[in-house]
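Written out below as structure tokens is the structure these notes cover.
Only the coordinates and a few stated rules stand behind these numbers; no lab work does. Bear in mind that the values here come from a model prediction, so they are computed numbers and not experimental data. As a convention, Cβ positions derive from the backbone with ideal geometry for all residues, glycine included, and neighbour counts pool all protein chains shown.
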Amino acid sequence: MQEENEHEPQLVSVTRIKCSEKTLRPTIPCILHFTEVTSVTGLEFLSQPGQEKTIRACYSLAWIIERCLPLKPDTGMEADVHNNSVPLENGNLAPVDRLRRDRSDSPTPGLVEGTEPGAGQDSAMFVHAQSFEDLTADGEQEQEEEVQVPEGGDRSERGPEVEKPRTEGEENEKMQGQPGEEEQEQEEVQSGGGRAKEEDVNSEAWRRHRKHVFVLSEAGKPIYSRYGTEEALSSTMGVMMALVSFVEAGKNVIRSIHAEGYKVVFLRKSPLVLVGVSRTRQSERELTRELLYIYYQIISLLTLTQLNHVFQIKQNYDLRRLLAGSEHLTDNLLRLLDCDPGLFLSAVTCVPLPSSLRDVVSSSLQAAKAKNLVFSILLAGSRLVTLVRKKDQYLHHMDLHLLYNLVGSSSSFREGEGWTPICLPKFNTAGFFHAHISYLEPASDLCLILISTDREDFFTLSDCKRRFLERLRRRSTYQALQEALLAPSYPVSQVGIPELRHFVYKSKSSGLYTSPEIPIPYQSEEEQERLMGLYQYLHSRMHHPTRPLRFIYHCAERENLLSWVTSGFELYLCFSPLGTKALAISAINKLLKWIRKEEDRLFILSPQTY
Amino acid sequence: MSIFLNLGIHQHIIRRNCEFHELWKLYNIEPLFSTGRNMSSQRVDAKVVLLGKEYVGKTSLVERYVHKRFHGGPYQNTIGAAFVAKPIQVGDKVLTLGIWDTAGAERYEAMSRIYYRGACAAIVCYDLTDSSSFVRLKFWVKELQNCEQQCKIYLCGTKSDLIEADRSIRQVDYHDAQDYAEEVKAEIFETSSKTGRNVDELFQKVAEDFHNSTAFQVMTEEREMDQRQRKSCCHH
Ligand SMILES: Nc1nc2c(ncn2[C@@H]2O[C@H](COP(=O)(O)OP(=O)(O)OP(=O)(O)O)[C@@H](O)[C@H]2O)c(=O)[nH]1
Ligand SMILES: [Mg+2]
């Protein structure tokens with residue numbers, strides 16, 4: 001830490017030297033996050049100007065920032081930096097004491113995992129997953145320890161981690177990092193519309209997108225860009241790769257670059273490199289997790305084995321050939337990441353159904369089994385109706401998210417019955433399953449996914465579907481199911497708390513969450529994303545790797561939010577800005593009681609296996 | 001974590017999937033599979049597969065034939081393959097065609113074998129306005145000639161409405177395609193899924209050829225035998 005402190009100013013000054021060179025104008029103080037504290041070689045190289053490597057690395061860095069971040073050359077950056085600096089005392093103390101107090105004051109004793117509302121009766125349907133487990137439990141033993149650059153002094157602002165609101169439990173906590181928001185809304189309008197592939201990558205509009213995602217191969221070849229064509233970005237991606245390999249040559253791994261409210265996050269997943277450039281409030285971990293989703297999306301189409309294989313044969317293979325036509329899957333996944341709470345909660349939601357009805361559907365699906373069938377999943381849009389699995393086989397929620405992204409982003413399954421190889425990367429990155437995908441009726445929302453290990457199983461599964469439908473019809477369940485789907489969710493008013501606008505409740509042991517309809521003030525796409533952004537912000541604060549929190553009451557300008565994590569559940573509430581903290585706390589109790597009362601309908605309490 | 005609870009099953013899965021991977025590597029080498037008995041169905045009389053480069057219009061062709069409609073909307077590439085069964089009248093008989101609309105994207109190439117194996121007809125499509133799609137067509141024809149000798153080949157030049165609107169955009173010469181068809185003993189059609197031109201004719205021809213083929217005769221005989229046997233069982 002000390003060492004880094006010493007190096008820090010040099011980094012800033014070197015960047016400045018770099019920028020004094022003709023081609024690159026802006027002076028951008030930035031902080032490089034390296035995985036290993038001891039090996040600060042990444043910083044050392046910067047202290048030896050003159051070396052060719054050094055120049056190149058500085059050049060790359062400034063170049064990326066210049067390319068990707070919409071900085072205005074005349075911004076008085078250093079001045080901003082001073083304004084944003086945070087008093088030390090406030091930052092370093094984890095509010096442990098206050099936390100305890102909040103918990104003992106809280107109206108409901110913390111429910112133990114497995115007894116919370118929504119907990120399944122038998123075993124869970126999903127692989128039990130901790131939030132963020134994907135970043136840490138991924139075999140590669142990545143160190144998730146964040147290198148904290150000492151705070152205070154004239155350092156640039158580094159996103160939420162060092163922001164002031166470390167005053168959980170305090171009323172009227174004001175959120176920092178808001179200033180960009182108004183600006184953002186304007187830009188959303190500009191950047192609206194479908195896949196703007198032909199967008200000019202040198203234009204201001206391109207730079208102003210809130211979140212860029214780039215995927216490249218280790219040879220620096222472009223594979224995917226969220227905005228603009230990959231061809232137009234090939235030099236940018238080349239430079240990104242140069243930077244990654246430069247840092248790696250020093251036995252180090254680049255994680256992120258923080259500058260002026262922007263984050264450049266790198267995810268190294270050989271043979272791919274994923275880069276996210278964001279100016280949202282999301283933490284580095286959140287962004288890394290999103291990149292991980294994109295990575296798994298690619299794996300789900302190709303398998304890791306095949307991916308490794310093509311790059312072994314030809315290092316500078318153009319992977320776009322094998323991924324042709326899949327861009328819209330990735331585009332859609334990025335949209336889901338912005339508006340579906342299931343993806344950051346590591347959970348799935350289900351259609352509210354009377355439990356008697358759901359049980360008939362589940363048992364009909366269970367009865368329609370076949371030798372190699374591993375999972376039978378009935379979806380209504382992105383909501384689960386039911387899921388039946390082979391005994392001892394668990395589906396990971398990420399794999400389910402990828403499945404419904406696949407189904408939801410393509411009309412291809414509307415015609416006839418689909419049969420496609422698919423890799424479920426959290427299950428096994430080495431091989432394909434084979435999915436029979438079809439809608440129960442051409443115009444229906446109900447989509448049945450049957451997953452087998454055998455690629456010759458098409459007609460066997462087609463027959464399973466027929467048997468399932470027959471059973472449903474015989475018990476007149478089909479009609480009842482269709483009718484229930486006319487109201488695929490419930491209004492928050494059912495809970496009977498007038499100030500409550502919206503909530504998300506996740507039962508940890510079942511991996512399921514429930515949430516009412518998006519209420520009127522949040523129905524526009526931008527507002528919905530903003531609400532999800534707030535939840536996600538609270539989520540990342542509560543699951544902070546080194547300073548986790550259990551309870552947050554947060555007053556923003558347009559709403560008040562409360563979040564609470566216990567060993568059994570996670571709860572996020574959104575109140576009108578007129579509500580008080582006392583009111584919010586009393587609402588928790590009422591809401592939990594309501595969920596308990598309705599749990600039969602809101603969750604899948606008795607999951608089936610075959 | 002609990003994902004790998006049951007190692008037995010997983011090994012089974014891994015092995016199976018490696019097989020696909022191997023196939024992908026060596027896909028020119030004929031794997032020693034049995035006949036297409038698994039990927040066929042009682043419901044279907046004749047298996048018909050559509051092959052061809054992505055974007056040539058395979059899905060649109062099936063859509064036109066089966067549903068009599070054309071989506072002018074944005075292009076949606078097929079994922080994996082889609083199956084649809086369609087009854088068709090030939091003479092006084094009604095046959096059911098089992099139509100496999102495969103994805104043209106390269107990543108599914110290794111899977112294509114399971115779709116054309118046991119097929120009695122393959123409709124190999126090319127886009128009249130894209131010469132590279134005809135190059136790709138030749139690849140599929142070779143593949144079929146090597147692996148599936150019984151399968152009758154139909155070449156199908158798509159999007160003929162575009163040519164009619166503007167002759168200059170034709171990239172595959174009519175006579176060249178005709179010559180090639182003769183050389184590989186294939187039928188050839190130029191169709192438009194937008195206007196419907198020649199689409200029904202193509203599938204009608206496929207069905208009639210199948211009806212007149214020995215495969216069909218053998219099949220009907222087998223079925224009759226089956227039925228007779230079953231009847232005699234019941235009597236006992
Ligand atoms: N004008 C015209 N356009 C067509 C015709 N057939 C297909 N198209 C268009 O060509 C594009 C591709 O058609 P698809 O049927 O989806 O192509 P495909 O061969 O199924 O593609 P993959 O599923 O990726 O292999 C679509 O935009 C169609 O609208 C046609 O006969 N005339
Ligand atoms: Mg298609």
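Report the convex hull volume per residue for the range B:100-149, counting only C-alpha atoms, in Å³.
Hull volume over Cα atoms, normalised by residue count, gives 80 Å³.
Shape of the range A:452-501 from the C-alpha gyration tensor: oblate (a/c of 1.5 or more and a/b not above b/c, with a ≥ b ≥ c the square roots of its eigenvalues). Taken along the Cα-to-beta-carbon direction at a fixed 7 Å, the label points for A:Ser444 and A:Glu483 span 1.6 nm.
Note on B:54-62: average number of Cβ atoms from other chains within 10 Å of each residue's Cβ is 1. Per the Debye calculation on the range A:419-488 with a single equal scatterer at every Cα and no solvent contribution, log₁₀ I(q)/I(0) for q = 0.19, 0.20, 0.25 Å⁻¹ amounts to -0.82, -0.87, -1.07. Over the range A:192-344, the hull volume per residue, using the convex hull of the C-alpha atoms, is 118 Å³. Three principal axis extents of the range A:283-333 based on alpha-carbon atoms, in descending order, are 37, 22, 17 Å. When the P(r) is computed for the range A:254-402, the part past 21 Å accounts for 58% of the Cα-Cα pairs.
Let me know the whole percent of all Cα-Cα pairs from the range B:161-210 that are separated by more than 15 Å. More than 15 Å apart: 58 percent of the Cα pairs in the range B:161-210. Maximal additional length on extending the B:Gln217-B:Glu106 stretch stands at 36.3 nm, based on 0.36 nm per residue less the C-alpha distance.
Using only alpha carbons, the range A:473-588 has a radius of gyration to Kirkwood radius ratio (Rg to Rh) of 1.05.
Ignore the peptide's own chain and count Cβ atoms of other chains within 10 Å of each Cβ in A:435-447; give me the average, rounded.
Per residue, the average neighbour count from other chains is 1.
Pop out the Kirkwood hydrodynamic radius of the range B:107-236 from its pairwise C-alpha distances, inverse of mean 1/r, in Å to one decimal. Value: 16.8 Å, from the Cα pair sum. Once a ≥ b ≥ c are taken as the square roots of the eigenvalues of the Cα gyration tensor of the range A:334-479, is the result rounded (a/c under 1.5), prolate (a/b larger than b/c) or oblate (a/b not larger than b/c)? Rounded, because the longest to shortest axis ratio a/c is under 1.5.
Take the Cα of A:Ala367, go 7 Å toward its beta carbon, and none of the backbone nitrogen atoms of the range A:426-457 fall under 11 Å from that spot. Using just the C-alpha positions of the range A:419-535 as equal point scatterers, what log10 of I(q)/I(0) does the Debye formula give at each q in 0.18 1/Å? Taken in order of the listed q values, log10 I(q)/I(0) reads -1.08.
Charge dipole (Cα centre; +1 on Lys/Arg Cβ, -1 on Asp/Glu Cβ; no other charges) of the range A:398-549 amounts to roughly 580 debye. Peptide B:108-114 shows a mean partner chain C-beta count of 3 within 10 Å per residue C-beta.
Residue ranges B:50-63, B:164-177 sort as B:50-63, B:164-177 when ordered by packing (mean number of other C-beta atoms within 10 Å per residue, highest first). Can you classify the range A:238-325 as rounded, prolate or oblate using the Cα gyration tensor, where a ≥ b ≥ c are the square roots of its eigenvalues, rounded means a/c under 1.5, and otherwise it's prolate if a/b beats b/c and oblate if not? Taking the square roots of the gyration eigenvalues as a ≥ b ≥ c, the range A:238-325 is oblate. Between the beta carbons of A:Arg321 and B:Gln171, assuming R0 = 25 Å, the FRET efficiency works out to 0.75 to the nearest 0.05. With a threshold of 25 Å on the Cα-Cα distance, the over-threshold entries among A:Lys426/A:Lys597; B:Lys93/B:Lys194; A:Lys211/A:Lys506; B:Lys53/B:Lys205; B:Lys53/B:Lys142; A:Lys426/B:Lys58 are A:Lys426/A:Lys597; B:Lys93/B:Lys194; A:Lys211/A:Lys506; A:Lys426/B:Lys58.
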